[in-house]
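The values are calculated or read from the model by the stated rules, or taken from the named source; none is laboratory data. Predicted, not measured: the structure shown is a model, and the values here were computed from it. Please note: Cβ atoms are built from the backbone with ideal geometry, for glycine as well, and neighbour counts cover all protein chains shown.
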Amino acid sequence: MIKLIPRAENSKAMIILSPIIALTLTALSAFVIFLFILDDIAVSSVFFTLFAEPLLDSYYFSELLVKAAPLMIIGLGLSIGFRAGIWNIGAEGQYVMGAVAGGAVGLYFYNVEGFWLLPLMAIAGIIGGMLYASIAAYLRIKYQVNEILVTLMLTYVAVLFLQAMLQGPLRNPSGFNFPESRMFHDSAMLPIIWEGTRLHIGLIVAILLSILAWFGIKKHMFGMQIKITGSAPRAAKFAGFDDNKTVWYSLLISGGLAGLAGLFEASGPAGQLTPGLPQFYGFTAIIVAFLARLHPVGILFSALLIALSYVGGENVQIDYNLPSSITQIFQGMLLFYFLACDILIKYKVVLFKKNN
Amino acid sequence: MKYQLEISNITKSYGDLKANDDVSLSIKGSSIHALLGENGAGKSTLVKIIYGSLMPDGGLMKWAGEKYSPKSPFEARENGIAMVFQHFSLFESLTVEENIILGLNGVGLNENFTEEILKYSKQYGLDVNPQQVVGDLSVGERQRVEIIRCLIQNPKLLIMDEPTSVLTPQEVSDLFVTLKKLADDGCAILYISHKLEEVREICSEATILRGGKLVQSCIPQEHSQKELAEMMIGKKLTELARSNISVGSDIFSIKNLSRKSDDMYGVHLHDISLTMRKGSIVGIAGVAGNGQDELMELLIGEKSSSSGVLNFNGKDIGSMNSHERRQLSMFFVPEERLGHGAVPDMTLDENMLLSRPDSDGMTSNGVIDWKTVTSFSEQVISDFDVQTPSSRMLAKSLSGGNLQKFMVGRELIRKPELIIVAQPTWGVDAGSANNIHQSLISLADQGSAVLIISQDLDEILSLCEQIHVLSEGRLSDAVDMNKDGLEKISQLMVGGQKS
């Protein structure tokens with residue numbers, strides 16, 4: 001029989017070991033699944049394409065980083081709200097709204113050159129995301145409406161809003177009526193940090209944000225406020241924290257960062273506003289945040305891992321004709337095993353013989 | 001004399017911890033046997049073994065002379081062992097009768113037990129109305145329902161876990177009448193308590209545990225209360241005494257505080273007024289659920305009050321939050337430890353930050369100086385004898401008593417001008433309770449004001465010079481102890497209660 005016994009103190013060893021165990025279990029399970037679905041292809045070569053190629057080939061690696069950047073930025077914002085027990089699961093909507101708001105600024109100043117344009121677009125993107133998330137904050141505080149439902153439903157509204165904008169005011173005047181904006185001009189495009197790839201400055205911003213978030217969470221009362229409100233709301237009141245403010249902070253930060261990521265996607269890899277902008281980064285970032293146990297620096301790594309599954313998943317799709325759901329299966333297993341293995345941090349596994 | 005239950009050399013360990021180490025005790029039929037001990041002494045473990053919810057690692061039990069090793073509480077009940085838990089397990093929305101039927105095996109809700117209930121109710125003075133909904137009953141009445149639920153199964157041994165901790169003095173004496181009658185009728189009672197006066201009053205034998213080991217079995221009347229307490233904690237108790245009562249000017253006042261509760265089952269506060277002076281210890285007695293939680297919320301500042309109601313040192317503090325009040329040197333210890341006064345999943349260091357004033361160097365402009373925080377929490381741990389390997393332990397890993405010491409200590413090291421404490425020694429063992437009481441007294445001796453809100457009347461009586469009673473959201477005037485005394489307090493406590 002197996003029994004879980006609570007530990008008095010979190011196990012330091014397990015904090016490091018549990019992700020490794022989880023990764024191993026994910027790989028093992030993937031192996032078993034491939035054994036079943038692959039007929040005449042060697043499992044090892046699929047494994048190579050899935051996990052190794054994106055790391056070894058410089059083009060694929062740059063694409064991996066391109067995909068990781070928005071996941072990092074959104075994941076960081078979400079992790080702050082999740083710590084406080086504010087469940088913003090509509091980052092996808094805030095991402096779209098940020099892209100529309102920031103993109104609109106870029107299009108308004110079309111062909112106007114200036115170093116100030118990009119920061120202005122970024123600010124507009126952040127504000128767009130914040131405003132969109134503030135609907136959920138307001139409804140929660142004023143009418144106790146559950147923010148999970150509001151943020152989720154508003155995601156679909158945001159996607160429709162993007163399409164409406166692309167068929168209306170933001171449509172490319174010389175684009176043959178395609179529902180797309182103009183291509184952004186140079187001043188409205190993110191600087192590329194790796195020549196010859198699509199890797200943009202967003203990655204650096206993500207790393208800086210992660211350091212800032214780490215400081216805020218570990219070294220500042222702001223982090224304590226978030227954490228205490230999340231794990232014991234009455235204790236937060238005892239400490240004198242205003243719970244409404246915590247709701248506002250959580251949703252504004254996660255919304256703002258999602259908006260920024262949206263703008264980066266539009267003025268980076270996409271180069272324009274298109275209906276294809278929403279790529280479920282907002283949802284995937286939830287997995288990213290939890291894989292990292294909401295740790296701000298850990299999110300950088302979990303975002304890389306998830307980005308690996310995206311790039312690797314696409315490659316096996318192309319090379320071996322495997323279904324695209326491989327990526328999702330893989331991400332699902334990762335999250336499942338990570339959460340399951342985290343039990344080991346707080347609990348000890350004890351084997352015992354059953355009595356009588 | 002025949003023993004109803006004999007326990008010999010019971011051992012039970014959790015990992016390295018020996019919760020019961022070679023414990024033996026024998027309970028005679030028709031007797032009330034006390035099981036005494038501090039928190040963590042192994043009382044609960046022993047009782048769980050008797051009640052079949054834990055298996056001992058070693059040792060032997062005999063039930064009426066036969067070997068007895070229950071594998072489940074069900075089996076224990078079949079043998080005639082019943083237990084009234086400290087926390088009741090009643091459905092509030094069901095009637096007394098329905099609750100009692102639900103506790104019986106193989107009986108449908110449609111059967112009629114009214115007669116049976118009334119029979120026990122009469123026989124043992126357990127006054128209840130079978131048709132009443134439990135949600136409307138007082139704590140004392142609920143306990144009676146629990147007892148009847150046990151009696152209806154004709155137990156040979158009734159285990160009672162801290163039965164008087166929630167009762168008024170009148171309810172306690174009613175309970176004792178019932179218990180004595182039960183014992184006379186042949187039922188053995190195992191009475192778990194740390195209230196020594198009670199034990200000396202009704203128990204004919206007592207078994208004392210300390211640190212999982214048997215200290216002694218004795219006849220409680222042959223020892224003084226102090227001797228029993230010292231056997232329990234294994235060291236000498238300090239006599240509580242104020243060294244310096246010099247009551248100064250007014251420091252804190254509540255003026256006509258009224259408030260409707262937001263909670264459906266909450267208590268509305270009516271026109272509460274109270275004045276405290278420097279160096280005084282004021283007590284608010286009363287049975288739980290008479291407005292203590294609601295009052296505490298307003299005093300801490302978790303809810304704001306209208307202006308002119310709360311005054312501290314000449315300042316109107318009604319609209320300040322708890323943090324702002326702490327800046328003025330008001331500190332608080334709420335009743336609920338986990339989730340209110342402390343965050344269970346955070347370390348003691350992190351919990352230290354819950355009640356910080358801004359001026360102590362733990363934070364500057366919101367940036368936390370963890371070194372200072374740790375030095376503060378280590379000071380609390382050593383000054384208040386908190387048993388923990390380090391300040392990095394999670395709050396929930398500490399025993400209730402230890403966490404209480406930490407929480408009281410956390411506020412006391414601030415040398416508050418006013419400290420408001422709810423249930424300062426709730427669930428705390430005698431030795432630690434003694435320490436906490438002593439430190440509250442020395443704080444007052446140094447000129448601070450202490451407000452204690454407690455259900456434990458003994459505690460209030462031994463500490464406070466000025467005693468009020470909270471009942472149904474109304475606060476009595478200070479009771480003149482020389483003139484009216486305990487009887488008046490008892491009356492006030494029951495006065496507002498539903499009966």
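Quick check, is A:Ile343 loosely packed, with under 15 Cβ neighbours inside 10 Å, away from every other protein chain (no Cβ under 14 Å) and at pLDDT 85 or above?
Values: loosely packed, with under 15 Cβ neighbours inside 10 Å: yes; away from every other protein chain (no Cβ under 14 Å): yes; at pLDDT 85 or above: yes.
When the stated conditions are applied, A:Ile343 passes them.
So which pairs qualify, if the first residue must be in the stretch B:177-192 and assigned to a strand (DSSP E or B), the second must be among the β-branched types (Val, Ile, Thr), the Cβ gap must be under 6 Å, and the two must be at least 6 apart or on different chains?
Between residues of the stretch B:177-192 that are assigned to a strand (DSSP E or B) and residues that are among the β-branched types (Val, Ile, Thr), the close pairs are B:Ala188/B:Ile27; B:Ile189/B:Ile32; B:Leu190/B:Ile159; B:Tyr191/B:Ile32.
Quick check on A:Leu208: is it under 18 Å from A:Ile126 (Cα atoms), surrounded by 18 or more Cβ atoms within 10 Å (Cβ to Cβ) and away from every other protein chain (no Cβ under 14 Å)?
Details: under 18 Å from A:Ile126 (Cα atoms): yes; surrounded by 18 or more Cβ atoms within 10 Å (Cβ to Cβ): no; away from every other protein chain (no Cβ under 14 Å): yes.
So A:Leu208 fails the test.
Could you check B:Ser217 against (1) under 30 Å from B:Val309 (Cβ atoms); (2) in the same structural domain as B:Gly103 (by TED's automatic domain parsing) and say which number it fails?
All conditions are met except number (1).
For the stretch B:323-332, how many residues meet the condition of being touching a helix residue (DSSP H, G or I) at 6+ places or on another chain (Cβ under 9 Å), at the interface with another protein chain (Cβ under 10 Å from one of its Cβ atoms) and of a type outside the set (Lys, Arg)?
Applying the first criterion (touching a helix residue (DSSP H, G or I) at 6+ places or on another chain (Cβ under 9 Å)) to the stretch B:323-332 yields B:323, B:325-327, B:330-332.
Those left that are additionally at the interface with another protein chain (Cβ under 10 Å from one of its Cβ atoms): B:323, B:325-327, B:332.
Then keep just the ones that are of a type outside the set (Lys, Arg); that gives B:323, B:327, B:332.
Total meeting the criteria: 3.
Looking only at the stretch B:267-298, which residues are part of a strand (DSSP E or B) and either under 19 Å from B:Met320 (Cβ atoms) or of a type in the set (S, T, N, Q) (or both)?
B:Leu269, B:Ile272, B:Ser273, B:Leu274, B:Thr275, B:Met276
Filter the stretch B:346-368 down to residues that are part of a helix (DSSP H, G or I) and within 22 Å of A:Ala84 (Cα to Cα), then give me how many there are. Steps first, answer last, please.
Narrowing the stretch B:346-368 to residues part of a helix (DSSP H, G or I): B:348-355, B:358-360.
With the extra rule that they be within 22 Å of A:Ala84 (Cα to Cα), the set shrinks to B:348-355.
Within the stretch B:346-368, residues that are part of a helix (DSSP H, G or I) and within 22 Å of A:Ala84 (Cα to Cα) number 8.
Please tell me if A:Pro296 is at pLDDT 95 or above, touching a helix residue (DSSP H, G or I) at 6+ places or on another chain (Cβ under 6 Å) and part of a loop (DSSP other than H, G, I, E, B). So that I can check it myself, show each step before the final result.
Values: at pLDDT 95 or above: yes; touching a helix residue (DSSP H, G or I) at 6+ places or on another chain (Cβ under 6 Å): yes; part of a loop (DSSP other than H, G, I, E, B): yes.
In short, yes.
Consider the stretch A:211-224. How many of its residues are assigned to a helix (DSSP H, G or I) and at the interface with chain B (Cβ under 7 Å from one of its Cβ atoms)?
Kept after step one, since they are assigned to a helix (DSSP H, G or I), are these residues of the stretch A:211-224: A:211-218, A:221-224.
Subsequent filtering for residues that are at the interface with chain B (Cβ under 7 Å from one of its Cβ atoms) retains A:221-222, A:224.
Total satisfying the criteria: 3.
Scan the stretch B:205-246 for residues that are in contact (Cβ under 8 Å) with a residue 60 or more places away in the chain, more than 24 Å from the chain's Cα centre (by Cα) and not in a strand (DSSP E or B) and jot them down.
Passing the criteria: B:Arg242, B:Ser243, B:Asn244, B:Ile245, B:Ser246.
Answer with yes or no whether B:Thr388 is within 12 Å of chain A (Cβ to nearest Cβ) and either in a strand (DSSP E or B) or of a type in the set (S, T, N, Q) (or both). Spell out the reasoning first.
Details: within 12 Å of chain A (Cβ to nearest Cβ): yes; either in a strand (DSSP E or B) or of a type in the set (S, T, N, Q) (or both): yes.
The answer is yes for B:Thr388.
Yes/no per residue for (1) free of Cβ contacts under 8 Å to residues at least 40 places away in the same chain; (2) in contact with a helix residue (DSSP H, G or I) (Cβ under 6 Å, 6 or more places away or on another chain); (3) more than 7 Å from chain B (Cβ to nearest Cβ); (4) over 18 Å from A:Ala133 (Cβ atoms):
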{"residue": "A:Ile226", "(1), (2), (3), (4)": "no, yes, yes, no"}
{"residue": "A:Pro233", "(1), (2), (3), (4)": "no, no, yes, yes"}
{"residue": "A:Lys237", "(1), (2), (3), (4)": "yes, no, no, yes"}
{"residue": "A:Phe241", "(1), (2), (3), (4)": "yes, yes, yes, yes"}
{"residue": "A:Thr246", "(1), (2), (3), (4)": "no, yes, yes, no"}
{"residue": "A:Tyr249", "(1), (2), (3), (4)": "no, no, yes, no"}
{"residue": "A:Gly255", "(1), (2), (3), (4)": "no, yes, yes, no"}
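Quick check on my filter: what residues within the stretch B:16-40 are surrounded by 20 or more Cβ atoms within 10 Å (Cβ to Cβ), farther than 22 Å from B:Ile202 by Cα and among the hydrophobic types (A, V, I, L, M, F, W, C)?
Listed by number, the residues that qualify are B:Ala19, B:Val23.
Which one is nearest to B:Leu398 (Cα to Cα), of the residues in the stretch B:5-47 that are touching a Lys or Arg at 6+ places or on another chain (Cβ under 6 Å) and assigned to a strand (DSSP E or B)?
B:Ala19
Could you go through the stretch B:375-391 and let me know if any residue there is touching a strand residue (DSSP E or B) at 6+ places or on another chain (Cβ under 6 Å) and farther than 28 Å from A:Lys12 by Cβ.
Keep residues of the stretch B:375-391 that are touching a strand residue (DSSP E or B) at 6+ places or on another chain (Cβ under 6 Å), which gives none.
No; the residues of the stretch B:375-391 include none that is touching a strand residue (DSSP E or B) at 6+ places or on another chain (Cβ under 6 Å) and farther than 28 Å from A:Lys12 by Cβ.
Output the residues belonging to the stretch B:457-480 that are acidic (Asp, Glu) and on the phi < 0 side of the Ramachandran plot.
Taking the stretch B:457-480 first, the residues acidic (Asp, Glu) are B:458-459, B:465, B:472, B:477, B:480.
Those that are acidic (Asp, Glu) and on the phi < 0 side of the Ramachandran plot: B:Asp458, B:Glu459, B:Glu465, B:Asp477, B:Asp480.
Considering only residues of the stretch B:247-266 that are assigned to a loop (DSSP other than H, G, I, E, B) and surrounded by 11 or more Cβ atoms within 10 Å (Cβ to Cβ), which is farthest from the chain's Cα centre (by Cα)? Can you show your working first?
Our first condition is that a residue be assigned to a loop (DSSP other than H, G, I, E, B); within the stretch B:247-266, this holds for B:247-249, B:260-266.
Those still in the list that are surrounded by 11 or more Cβ atoms within 10 Å (Cβ to Cβ) too: B:247-248, B:260-261, B:266.
Numbers: B:Val247: 30, B:Gly248: 32, B:Lys260: 27, B:Ser261: 24, B:Gly266: 20 Å.
Once the filter is applied, the top-ranked residue is B:Gly248.
Residue-wise test of (1) among the hydroxyl-bearing types (Ser, Thr, Tyr); (2) at pLDDT below 95; (3) surrounded by fewer than 20 Cβ atoms within 10 Å (Cβ to Cβ).
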| position | (1), (2), (3) |
| --- | --- |
| B:His268 | no, yes, yes |
| B:Ser280 | yes, yes, no |
| B:Leu299 | no, no, no |
| B:Ser307 | yes, yes, yes |
| B:Phe332 | no, no, no |
| B:Glu335 | no, yes, yes |
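If you scan the stretch B:299-317, which residues turn out to be closer than 19 Å to B:Ser261 by Cβ, more than 9 Å from every other protein chain (Cβ to nearest Cβ) and assigned to a loop (DSSP other than H, G, I, E, B)?
Of all residues in the stretch B:299-317, those closer than 19 Å to B:Ser261 by Cβ come to B:299-306, B:309-310.
Still in the running and more than 9 Å from every other protein chain (Cβ to nearest Cβ): B:299, B:304-306, B:309-310.
Hits for the stretch B:299-317 are B:Ser304, B:Ser305, B:Ser306, B:Val309.
Which helices (runs of 4 or more DSSP H) does the stretch B:423-499 wholly contain that include 2 or more residues that are over 29 Å from B:Gly135 (Cα atoms) and of a type in the set (Gly, Ala, Ser)?
Numbers: elements: B:430-445, B:457-463, B:485-495.
In the stretch B:423-499, B:430-445 are the helices (runs of 4 or more DSSP H) which contain 2 or more residues that are over 29 Å from B:Gly135 (Cα atoms) and of a type in the set (Gly, Ala, Ser).
Out of the stretch B:191-241, which residues are at pLDDT 80 or above and basic (Lys, Arg)?
The answer is B:Arg200, B:Arg210, B:Lys213, B:Lys226.
Got a sec? Which of B:Met352, B:Met276, B:Met330, B:Met346 is in the same structural domain as B:Cys464 (by TED's automatic domain parsing) and farther than 19 Å from B:Val421 by Cβ? Lay out the reasoning, then the answer.
On the way: B:Met352 fails: farther than 19 Å from B:Val421 by Cβ; B:Met276 fails: farther than 19 Å from B:Val421 by Cβ; B:Met330 fails: farther than 19 Å from B:Val421 by Cβ.
Matching residue, one of B:Met352, B:Met276, B:Met330, B:Met346: B:Met346.
Mind checking which residues of the stretch B:349-367 are more than 19 Å from B:Ser322 (Cα to Cα) and free of Cβ contacts under 8 Å to residues at least 24 places away in the same chain?
Of the residues in the stretch B:349-367, the ones more than 19 Å from B:Ser322 (Cα to Cα) are B:349, B:367.
Matches in the stretch B:349-367: B:Val367 only.
From the set of residues in the stretch B:394-413 that are assigned to a loop (DSSP other than H, G, I, E, B) and surrounded by fewer than 22 Cβ atoms within 10 Å (Cβ to Cβ), which is farthest from the other protein chains (Cβ to nearest Cβ)?
Per the stated criteria, the residue is B:Ile413.
Out of B:Met276, B:Met320, B:Met296, B:Met346, report the one residue that is within 11 Å of chain A (Cβ to nearest Cβ) and touching a residue at least 60 places away in the same chain (Cβ under 8 Å). Quick ask: steps written out before the conclusion?
Numbers: B:Met276 fails: within 11 Å of chain A (Cβ to nearest Cβ); B:Met320 fails: touching a residue at least 60 places away in the same chain (Cβ under 8 Å); B:Met346 fails: touching a residue at least 60 places away in the same chain (Cβ under 8 Å).
It is B:Met296.
Pick from A:Gly282, A:Gly313, A:Gly262, A:Gly268: which is in a helix (DSSP H, G or I), more than 14 Å from chain B (Cβ to nearest Cβ) and farther than 26 Å from A:Ala101 by Cα? Working first, answer last.
Details: A:Gly282 fails: farther than 26 Å from A:Ala101 by Cα; A:Gly262 fails: farther than 26 Å from A:Ala101 by Cα; A:Gly268 fails: farther than 26 Å from A:Ala101 by Cα.
Checking each option against the conditions leaves just A:Gly313.
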